[in-house]
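Trainee: Quick one: the structure is below, and I'll ask about it shortly.
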Amino acid sequence: MSSTPASFSYLTAYGTSRTGLSPSPPDHNSVLDEEVRLYTNNKDREKYENLADVYAIIVTMEHLEKAYVRDSVTAAEYTPSCAKLIAQYKTAMNLVCDLIPDVEQFMKEYKLKCPAAVNRFKIGVPATIEHSIDPIKSAKYVAESVSHFITLMDALKLNMKAVDEIHPMLSDLMQSLNNVSSLPAEHEAKIRNWLITLNSMKASDEINEEQVRQLLFDLENAHNAFYRSLSDKN
């Protein structure tokens, strides 16, 4: 069978008049039911599927954050789900980093309003780690906090600079400090900002010498403030 030109197929499909009159208008319902394809090859298909994954993860995180705030999910349910979404978000973003240099611009383009999700992805840890959920100030948590301070500072002094080396230690420190709730707000904010900074980088990235020096300075000041806060409460 010979191929039919696209223009002829279009006119034939919508009933060209044999008397020379204008073609009859297309049936409205048939136009609405026609599938609109976003891609014509496997490469484009993968691109749109990856973008759809990012979109779905952002929306899911927004619903999870709101559910936690409204006490619709417990801390035990929220924490692993949030951590999983953060990991999925990082993986999904690595696949579209050349398409989405800025997630907020992506949300604007696709008319997404998910401020809670954006905040959680920036911080990179669940709210149960960012904020204290256990008011008990036990010797165990104090000892853990001191240990995490020393471990992280020693690691930096040993020239450990990779994000995937530093971020877990900083996250552990943040969680233990929140269990004690004794660190002054100013120093807690600095540690949280470092978490945000590291979370915006790739796992293989390294902080530079200036950042190492500043992080050590902030940690030492926070460590001293932590001790003072404990003494003031005794």
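The values are calculated or read from the model by the stated rules, or taken from the named source; none is laboratory data. Computed from a prediction, not measured in an experiment: that's the story for all the values here. Counting neighbours? That spans all protein chains shown, and the Cβs are built from the backbone with ideal geometry, glycine included. What goes into the accessible areas is simple: the full protein's heavy atoms, side chains included, and nothing from ligands, DNA or RNA. Shrake-Rupley method; radii C 1.70, N 1.55, O 1.52, S 1.80 Å.
Trainee: More than 16 angstrom separation, counting every C-alpha pair in the range 157-200; what % is that?
Mentor: 38
Trainee: Of all accessible surface on the range 69-187 at a 1.4 Å probe, what whole percent is carbon and sulfur?
Mentor: 56
Trainee: Roughly how many nanometres apart are two label points built 7 Å out from the Cα toward the Cβ at D71 and K43?
Mentor: Calculated label separation equals 5.4 nm.
Trainee: Which aspartates and glutamates have a Cα lying under 14 Å from the Cα of K122, excluding residues fewer than 8 positions away in the same chain?
Mentor: Within reach: E62, E65, D102, E104, E130.
Trainee: Another question, if that's okay. How big is the accessible area of V103 in square angstrom, nearest 10, if you roll a 1.4 angstrom probe over the protein chains?
Mentor: Looks like 30 Å² after rounding.
Trainee: Along the range 50-60, what does the Karplus equation 6.51 cos²θ - 1.76 cosθ + 1.60 (θ = phi - 60°) give for ³J(HN,Hα), rounded to whole Hz, x for Gly and Pro?
Mentor: After applying 6.51 cos²θ - 1.76 cosθ + 1.60, I find 5, 5, 5, 4, 4, 4, 5, 5, 4, 5, 4 Hz.
Trainee: Further, regarding this structure: Per residue, how much accessible area does the range 39-93 show when a 1.4 Å probe rolls over the protein heavy atoms, in square angstrom?
Mentor: Normalised by residue count, the accessible surface of the range 39-93 is 62 Å².
Trainee: When Lys and Arg each count +1 and Asp and Glu each count -1, what net charge do the other residues less than 13 Å away from M93, Cβ to Cβ, add up to?
Mentor: Neighbour charge sum, excluding M93 itself: -1.
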